[in-house]
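Everything on this sheet refers to the single structure shown next.
The values are calculated or read from the model by the stated rules, or taken from the named source; none is laboratory data. Fair warning: this is a prediction, and the values are worked out from it, not measured in the lab. As a convention, Cβ positions derive from the backbone with ideal geometry for all residues, glycine included, and neighbour counts pool all protein chains shown.
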Amino acid sequence: MSGVEPSGAPLHVAGPEGPWDEVCERFESVGRAVVHTTWGEWLTAALLDPELRGLLGRDRPRYRQNPAAAGRLAFAVSRVVMKHTAAAVLYTAPAALDIAYLPGGQPTLRGFAGELWLSLAHTEELVVVAVSRHGPVGVDTESVTRRVSFEALHGQVCTPQEAELLAALPDDRRAARFLRLWTLKEAYTKALGQGMRRGFGTVGFRWDGDGHAVLADDSPAARAWSFTTSLVRDRYLVSEACNITGQVPGQVEDRLRDDPDALARTGPSPAQTVRSWGTWSPGRR
């Protein structure tokens with residue numbers, strides 16, 4: 001969209017030591033930043049950190065209730081990465097921050113409502129965190145090696161116009177575009193605070209002359225959003241949706257809601273459908 005500087009490719013942060021200067025420079029330059037890492041890169045540092053209990057804060061009960069050891073480790077690392085990222089751009093100590101969750105499940109920082117927006121995604125070994133001072137932000141990631149059935153899912157994921165365009169593409173391009181579209185829609189609905197409660201088929205995207213994704217609706221509300229997709233570690237798609245108006249999503253989203261009952265879903269969700277096929281599932285947040 002015009003007037004918006006691109007956020008650039010996600011920045012690799014290999015551990016608690018950073019490099020945070022690059023993250024802060026990006027944040028100061030364009031008002032947002034996306035970082036990526038792997039839980040293995042942070043695991044030892046996170047588990048040996050004497051402040052881990054404090055870093056987890058109110059998330060500690062959720063951490064302890066996870067029945068799987070791998071799940072607990074991934075949960076702990078993702079929250080530690082998120083706190084370190086937010087602390088870097090706020091120039092404070094990670095332990096000084098307290099993560100809370102809005103009704104839609106998106107993370108937020110107590111005491112920083114309207115000042116800093118967060119989003120978290122992870123799949124397989126990858127952890128991705130987005131921070132923005134402009135407005136609500138959402139991020140999603142999926143492995144490009146995942147095989148998604150366009151035939152099985154296009155009715156739940158795509159608008160009729162998107163499905164028609166995708167159906168005309170060769171198989172390999174269709175699979176790549178379909179996965180990109182999925183990550184964009186999940187990033188966008190996460191930024192809205194709706195996540196997968198929102199029917200993806202009610203959100204339409206198109207591609208501008210430069211190949212960038214934009215919302216199909218050309219209203220002022222739609223033009224308030226910026227979208228990027230990047231390839232990370234030669235394996236993962238990372239999509240970011242950022243609202244640059246500083247308004248809460250409900251104030252700019254009304255004209256994008258084609259279906260007034262979009263949140264009152266009927267039938268299985270796309271995630272449930274995919275799991276039933278046993279071939280692919282969305283990245284966990």
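One residue is enough: does region 50-64 have a residue meeting the conditions small (Gly, Ala, Ser) and in contact (Cβ under 8 Å) with a residue 24 or more places away in the chain?
Looking through region 50-64, at least one residue is small (Gly, Ala, Ser) and in contact (Cβ under 8 Å) with a residue 24 or more places away in the chain.
Assess whether residue 136 counts as being within 14 Å of the chain's Cα centre (by Cα) and either surrounded by fewer than 24 Cβ atoms within 10 Å (Cβ to Cβ) or at negative phi (or both).
Yes.
Report yes if residue 139 is within 21 Å of residue 241 (Cα to Cα), in contact with a His (Cβ under 7 Å, 6 or more places away or on another chain), hydrophobic (A, V, I, L, M, F, W, C) and at pLDDT 90 or above, otherwise no.
So residue 139 does not fit the description; no.
How many residues does region 47-71 contain that are within 15 Å of residue 93 (Cα to Cα) and either among the basic types (Lys, Arg) or more than 21 Å from the chain's Cα centre (by Cα) (or both)?
8
Please specify each residue of region 92-108 satisfying the condition of being without any contact (Cβ under 8 Å) to a residue 60 or more places away in the chain and either at positive phi or in contact with a Phe, Trp or Tyr (Cβ under 9 Å, 6 or more places away or on another chain) (or both).
97, 107, 108
Within region 115-231, considering only helices (runs of 4 or more DSSP H) that don't extend past its boundaries, which have at least 2 residues that are under 30 Å from residue 40 (Cα atoms)?
In region 115-231, 171-191 are the helices (runs of 4 or more DSSP H) which contain 2 or more residues that are under 30 Å from residue 40 (Cα atoms).
Quick check, is residue 161 closer than 14 Å to residue 201 by Cα, touching a residue at least 40 places away in the same chain (Cβ under 8 Å), in contact with a Ser or Thr (Cβ under 7 Å, 6 or more places away or on another chain) and of a type in the set (S, T, N, Q)?
No: the conditions fail for residue 161.
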